[in-house]
Amino acid sequence: MTGTRITARELNRATLARQLLLRREALEPAEGVRRVVALQAQQPASPYVALWNRLTAFDPAGLDTAFTDHRVVKATLMRLTLHAVHADDHPAFREAMHPVVRAARLGDRFTVSGLTAEDADALVPRLLEFADRPRTTAECEAWLGDQLGAPPRSGAWWGLRQYTPLLHAPTSPPWSFGHRPSYIAPRTGPVRTDPEASAASLRALVLRYLSGFGPASVADVAQFAMVTRSRARAALAALAGELERLEGAAGEELFDLPGAPRPDGAEPAPPRLMAMWDSVLLAYADRVRVLPEAYRKVVIRANGDVLPTLLVDGYVAGVWRPAAGGIEATAFHPLPDAVWEQLAVEARSLVGFLADREPEVYRRYAHWWSRLPDATVRLLPAG
C-alpha cells in the first residue's frame, strides 16, 4: 500500500476535528448540521444534545426554526435510521439509499399485506401529493385504505412510509419531534430512482461522509450508508482522482479528502457528555477510533440502544444520565481529578441547557443502569 501513514490517535483526532468535538464553533444550527453531515435522530432530544456539544452558545430554538423552515430535515436515511441532515444533502442521500430502502422495506413484511413492490411504486407519487402538508399516521393509514378500497393489512403502511421519501414534520414540544410522528413531502421534488442516479448520489454521499467522518475505509463507508462493500468500493474507485489514500495503524487502506483536517495526535480533546446514539460512535465499521472495544457491549445494548456517553481524551470512558441535583456520571476506568472537574463544568452547562426542555432527558432508558458493570459513579452537581 502507498500513502501517508496515520496512527490510531491521529485518526481519532481527525474524526473529532470534523465533528466539532475538539472545540465548539460559533455556527448557526443549520450550518452546524451541514458541517457534521448527519446527526442520528431516532431520539427526539439527541440532535439538540449533539449540537450543544459542538456549537458555542447553542440555542435550541434555532434548531426548532431550522426544522420548521426545512433547512434541516429529519428522515429515514443511512442505515435505515432516522437522521437529521441539511436540506441540501437530503436528495443525494436519499437517492443513494434508494436500492437499500427498496430491498429492506418492500420485502416479505410488506408483501404479506397483499401489495407488491410495483404497487408501492405506483402509490409513492400519490402519497407525496397527499403529504403536501403534515399528515399524522392515522391520516396516512386512512388515505392508504381509501387507495386500496379496504383497510391496509399489517405491513403495508410500515413499508410504504419508509420507502416513500417522506420527511418527519415537526410536531410538539419539548423538542421539534415527539414519539408520534407526522409526515410531509420534501420540497426538493421527486427522488431519482434509476441506477445511474443512485450511483452518482452514492459518490456524493461518500464525499460528504469523508468531510464529516473521514478518513475511512471501504468497510466504514459501507457501514455508514448500509450499502454493500462492492458498492462502496465502486464509489471510491470512481472518486479516485479526488481522494487521497492513507495507510491506517493496522495497515488498512483509508480514503480522505485532500486538505481535510488531520490534527496531530497530541491535540487536546476536551471532555464531552455525548447524546444517545451520537453519530460519532456509529459511523464506522471499526468503531474503536472512538469507542474502545472493551466498552462496546456496555454502551451499545443488544436491542440497539446506544447510551449517552462520557468522552474523555477523545474516547468513550463511561456513561451519564440526569439525576436529582445534577448529572450522574459512571466512569469505566479511573479518571484524574482534573478530568472530573472538566466534566463537572460540562454537567452544569448541560443541566442548564435541559432545564427548559426536558430535565430528565432519556429517562425511559434508565433501566440499563442496573445492568452496568462495577464502575466509579459520581454526581456532578447542577450548581
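Here are some notes:
- Matching residues, segment 233-279, being of a type in the set (Lys, Arg) and touching a Phe, Trp or Tyr at 6+ places or on another chain (Cβ under 9 Å): ARG245
- Failed condition for GLU252, given (1) under 18 Å from the mean Cα position of the chain (by Cα); (2) open to solvent by 40 Å² or more (accessible area, probe 1.4 Å): (1)
- No other residue among ALA61, ALA26, ALA17, ALA57 is free of Cβ contacts under 8 Å to residues at least 12 places away in the same chain and either surrounded by fewer than 21 Cβ atoms within 10 Å (Cβ to Cβ) or under 13 Å from PRO263 (Cα atoms) (or both) apart from ALA61.
- Neighbours by Cβ (under 7 Å, 6+ apart or cross-chain): first from segment 220-233, at negative phi and free of Cβ contacts under 8 Å to residues at least 12 places away in the same chain; second open to solvent by less than 60 Å² (accessible area, probe 1.4 Å) and of a type outside the set (Lys, Arg): THR228/ALA222; ARG229/VAL218; ARG229/ALA219; ARG229/ALA222
- Selected residue [modelled with pLDDT of 95 or more, within 30 Å of ALA249 (Cα to Cα) and surrounded by 18 or more Cβ atoms within 10 Å (Cβ to Cβ)] from ALA347, ALA317: ALA317
- When residues of segment 44-90 are limited to those that are touching a His at 6+ places or on another chain (Cβ under 9 Å) and of a type in the set (D, E, K, R), the one farthest from ALA104 (Cα to Cα): ARG71
- Screening ARG203, ARG208, ARG180 for residues that are of a type in the set (D, E, K, R) and touching a Leu at 6+ places or on another chain (Cβ under 9 Å) leaves exactly one candidate, ARG203.
- Any hit, segment 327-343, residues being over 25 Å from LEU20 (Cβ atoms), touching a Pro at 6+ places or on another chain (Cβ under 8 Å) and open to solvent by 10 Å² or more (accessible area, probe 1.4 Å): yes
- Residue match in segment 284-292 (condition: surrounded by fewer than 17 Cβ atoms within 10 Å (Cβ to Cβ), within 22 Å of PRO373 (Cα to Cα), without any contact (Cβ under 8 Å) to a residue 40 or more places away in the chain and over 16 Å from the mean Cα position of the chain (by Cα)): yes
The values are calculated or read from the model by the stated rules, or taken from the named source; none is laboratory data. Please read all numbers here as calculations on a predicted model, not as lab measurements. Cβ atoms come from the backbone with ideal geometry, glycine included; neighbour counts cover every protein chain shown. We work out accessible area using only protein heavy atoms, side chains counted, and drop any ligands, DNA or RNA first. Shrake-Rupley method; radii C 1.70, N 1.55, O 1.52, S 1.80 Å.
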